[in-house]
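Data first, discussion second: the structure below is written as structure tokens.
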Amino acid sequence: MKLRIHMACWLFSLCGFAQQAEKLSTYTLDTSPFYGSILLHNTDISHLISAHPAGFILSFNKKTFGEESWQQSYNYPDSGFSFIYQGMNNPTLGENFGLYAHYNFYFFKRNLQFRIGQGIAYNTNPYDKNENFRNNAYGSHLLSTTFLMLNYHKEKLFRNLGVKAGISLVHYSNANFRAPNTSTNTFAFNAGIVYSLEEDWDKGYLVQDKPEKITERIKYNIAFRTGLNESDVINSGQFPFYIISAYADKRLGRKSALQIGTDIFFSNFLKELIRFQAISFPEMNVDADTDFKRVGLFLGHELFINKMSVVTQLGYYVYYPFDFEGRMYNRIGLKRYFGDRWFGAVTLKSHAAKAEAVEFGVGVRL
């Protein structure tokens, strides 16, 4: 996601700049049918990989031309929305319909496009103990979903029409909101067309000779996260969890900050899992009074994209009375800043590739 571009002059007053920025705004539509395979990331879903899934991606994109200084730092990306239909070609898995928000980033003179999207999908045939007990991939109708695209991308080859082609990866999971949750990852080849909604938009990109530098002292953050999840024991029940996080971060420039901090986890689903294992599996030697709380230390990185940021963290439990998926954990997700201090966040907490929960959080950066 680290990008560069060249050219165009900076000859505007603030008013003139605003008027030019308004003129430069433009939109595109693209559609890409795809055909691929479900990756065997877990042997538990081997019985579900029986055919090649196929579908299409429809997207609406808004271009940027440097109206705001952050856009130049990322080589003038697009923002937009996508709809994905995916037929799994397996009656057990059903069909998926997904809505996403996405960013497009460009490389190699804007001929290579990388798209990342995050959204929510609806599955038509999730697990049911009576009607569909073989579907251990999706435990609920609603799924968290992420998709990536890496495409050759060329606009306006013939009037307003262009082409794109490349590879895609689409992930579906409910992040243990409800068991089972083995999830699927589809690797696919795609090809399609791009339609520009305006006849003449090639007016150049606005370039700042001296992009604004960002320097900050160490900042201190407090965040509260919550949500619902369930253990891997089907029908063991959904329980709320609460996480309190405190961490410091140091901004390294316009794009990045490093983090170090601690999490305190109050995961109520572990209470039920501890009780279940203590009663049902005495050979595991689990004490029914084992503490369900955990405390972790983590290192992290934050990538700033305008008012949004992408957070990645790697943690280690220093207080770990009950063994659940190992001592290492990781978190990835999105933050949205409201002003200089307050933020909201949606993050996925996992143990390697094993998801534990989708976390919805609020916090303050002091």
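Yes/no matrix, rows are residues, columns are (1) in contact with a Gly (Cβ under 8 Å, 6 or more places away or on another chain); (2) closer than 20 Å to Asn111 by Cβ:
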| residue | (1), (2) |
| --- | --- |
| Asp44 | no, no |
| Leu48 | no, no |
| His52 | yes, no |
| Asn61 | yes, yes |
| Glu67 | no, no |
| Asp78 | no, yes |
| Gly87 | yes, no |
| Asn90 | no, no |
| Phe97 | no, no |
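Scanning region 51-86 for residues that are charged (D, E, K, R) and either within 18 Å of Phe34 (Cα to Cα) or surrounded by fewer than 16 Cβ atoms within 10 Å (Cβ to Cβ) (or both) gives Lys62, Glu68. Asn104 meets all of the listed conditions (1) closer than 29 Å to Ser267 by Cβ; (2) touching a residue at least 40 places away in the same chain (Cβ under 8 Å); (3) under 20 Å from the mean Cα position of the chain (by Cα) but one, namely (1). Note on region 292-321: residues that are more than 24 Å from the chain's Cα centre (by Cα) and at pLDDT below 95 amount to 0.
With respect to Thr64, determine if the residue is among the β-branched types (Val, Ile, Thr), at pLDDT below 95 and within 19 Å of Gly204 (Cβ to Cβ). For Thr64, the condition - among the β-branched types (Val, Ile, Thr), at pLDDT below 95 and within 19 Å of Gly204 (Cβ to Cβ) - is met.
In region 301-311, which residue that is without any contact (Cβ under 8 Å) to a residue 60 or more places away in the chain and in contact with an Asp or Glu (Cβ under 8 Å, 6 or more places away or on another chain) is farthest from Gln72 (Cα to Cα)? In this case the residue turns out to be Val311. Just one of the numbered conditions (1) assigned to a helix (DSSP H, G or I); (2) crowded, with 19+ Cβ neighbours inside 10 Å; (3) out of contact with any helix residue (DSSP H, G or I) (no Cβ under 7 Å at 6 or more places or on another chain) is not true of Glu283: (2).
Conditions (1) buried (at least 17 other Cβ atoms within 10 Å of the Cβ); (2) over 30 Å from Asn104 (Cβ atoms), marked per residue:
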residue: Ile274; (1), (2): yes, yes
residue: Asp287; (1), (2): no, yes
residue: Gly296; (1), (2): yes, yes
residue: Leu299; (1), (2): no, no
residue: Leu303; (1), (2): no, no
residue: Gly326; (1), (2): no, yes
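Are there any pairs, at least 6 apart or on different chains, whose C-beta atoms fall under 6 Å, with the first in region 170-190 and within 17 Å of Ala51 (Cα to Cα) and modelled with pLDDT under 95 and the second buried (at least 24 other Cβ atoms within 10 Å of the Cβ) and among the polar types (S, T, N, Q), and if so, which? Every condition considered, the pairs that remain are Ser183/Ser173. Within region 240-256, the set of residues being at pLDDT below 95 and part of a strand (DSSP E or B) comprises Arg251, Ser256.
Taking the conditions exactly as written (assigned by TED's automatic domain parsing to the domain that holds Tyr319 and free of Cβ contacts under 8 Å to residues at least 12 places away in the same chain), does Asp289 satisfy them or not?
Yes.
One residue is enough: does region 98-110 have a residue meeting the conditions in contact with a Leu (Cβ under 9 Å, 6 or more places away or on another chain) and of a type in the set (S, T, N, Q)? No - not one qualifying residue is present in region 98-110. In summary, Gln208 fulfils each of the numbered conditions (1) of a type in the set (S, T, N, Q); (2) assigned by TED's automatic domain parsing to the domain that holds Arg115; (3) under 30 Å from Arg254 (Cβ atoms) with the single exception of condition (2). Within region 74-90, the set of residues being part of a strand (DSSP E or B) and of a type in the set (Ser, Thr, Tyr) comprises Ser79, Ser82, Tyr85.
The values are calculated or read from the model by the stated rules, or taken from the named source; none is laboratory data. Note that the structure is predicted; figures quoted are calculated from it, not measured. Please note: Cβ atoms are built from the backbone with ideal geometry, for glycine as well, and neighbour counts cover all protein chains shown.
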